[in-house]
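Worksheet for the structure shown next.
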Amino acid sequence: MSRIVRAAAVLGTVALCASLAACSSGGGGGNLASVNGQTITHADFDRRLEASPNAKQVLNQMVQQKLIDEYAQDKHVDITQAQIDKREAEIRAKYPPGQFDQIVKQQGLTEQEVQNILRQQLVLEQAVAPQVHVSDADVKNYFLKNHATFDKPEQVRARHILVADPQTAAIVLAKLKAGGSWDASKEKGGELGFFGKGQMVPAFQDAAFAAKVGAIVGPVKSPFGYHIIQVEEKKPPTTASFASVKDQIKTQLTQQQEGQAVPVFLQGLRTAATITVYDDRYKDLFPPPSPAAAAATTAPAPPPATTAPTPAPSGT
């Protein structure tokens, strides 16, 4: 799982946690709303939230947050503001401009809450780092087994105008070839960006890949109507070199190992912790550890694995 996907998942869970916690603590007693004079109290609302299927998930997440914070404090894990800012910048760079802020807003999170989430991620990465070992041989082996997934096929960048009938298409084509503007088409002048074979309907694809750069072709009939197409750029197929993808593969394998190690680490924190649940509805979340599990937390840790993780299936 990539860092960005992990971050999005954590943001969603913590947003739920924050929203329920805010509802439970924001108003205390009294009324929350009224409908035609009939009141909805904070107490009734809180009871409904606590009885919802999400309540256990929220409590579980809150306990996990406490355990991570206590671990960081006990082990003197110092995450700097610069590290948090760097991680956030990496995540933002994966999204189109403004989209990350939109997601955060939709989740009801503040910037400080986002940074707290990222700090906990960094704590976990440091905690499991001794169990994560990706050698150059591991990276090379993965590349040899999965090199085709890093190759890039031929691509075309094109724009188009779509009309409903061939007569209109012929008029549009004539105007364009006479020097007319593409502004009459939809957003961005009908820009489609780069696409490879198999991404467009066959007739459109065949016309675009057959045309020369700069050529205006059409009308091309498809199930959607009639297209006038202009090819703006072409990229030939490329075969990835080991040097060009080495860092990407190492990051991917590292994240795979982290993904395996983090749940084990968190389970260890839970087993070693004293977690007391006062509400019978949630007692099954944190059953007392078995004697064997408790003994395992005090046993010496096994030596770290030195073999490479199993390569991901092609195309992942």
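Structure data summary
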| quantity | calculated |
| --- | --- |
| Solvent-accessible area of Ser244 with every protein chain in place, 1.4 Å probe, in Å² to the nearest 10 | 80 |
| Local electrostatic count, Thr168, Cβ distance below 14 Å [Lys/Arg +1, Asp/Glu -1] | +1 |
| Residue order for Arg281, Arg87, Arg119, Arg47 - accessible surface, 1.4 angstrom probe, largest first | Arg47, Arg281, Arg119, Arg87 |
| All-pairs alpha carbon distance profile, the range 204-290, 10 Å steps from 0, percent | 13, 18, 13, 14, 14, 12, 15, 1 |
| Rg over Rh [alpha-carbon atoms, Kirkwood Rh] for the range 138-260 | 1.18 |
| Largest-first principal axis extents of the Cα set of the range 100-200 (Å) | 68, 44, 22 |
| Order of exposure, largest accessible area first, which applies to Lys75, Lys235 with probe 1.4 Å | Lys75, Lys235 |
| Cα gyration tensor shape for the range 76-115, rounded if a/c is under 1.5, else prolate or oblate | oblate |
| Net +/- balance of residues flanking Gln99 in space, Cβ distance below 12 Å, scoring K and R +1, D and E -1 | +2 |
| Convex hull of the range 239-285 built on C-alpha atoms - directionally averaged projected area, nm² | 5.3 |
| Where Tyr282, Tyr95 fall by accessible area, highest first, once all protein chains stay in place (1.4 Å) | Tyr95, Tyr282 |
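The values are calculated or read from the model by the stated rules, or taken from the named source; none is laboratory data. What you see is a predicted model; the values in this text were computed from it and never measured. Glycine gets a Cβ as well: all are built from the backbone with ideal geometry, and neighbour counts include every protein chain shown. Protein only, heavy atoms only, side chains kept; ligands, DNA and RNA dropped before computing areas. Shrake-Rupley method; radii C 1.70, N 1.55, O 1.52, S 1.80 Å.
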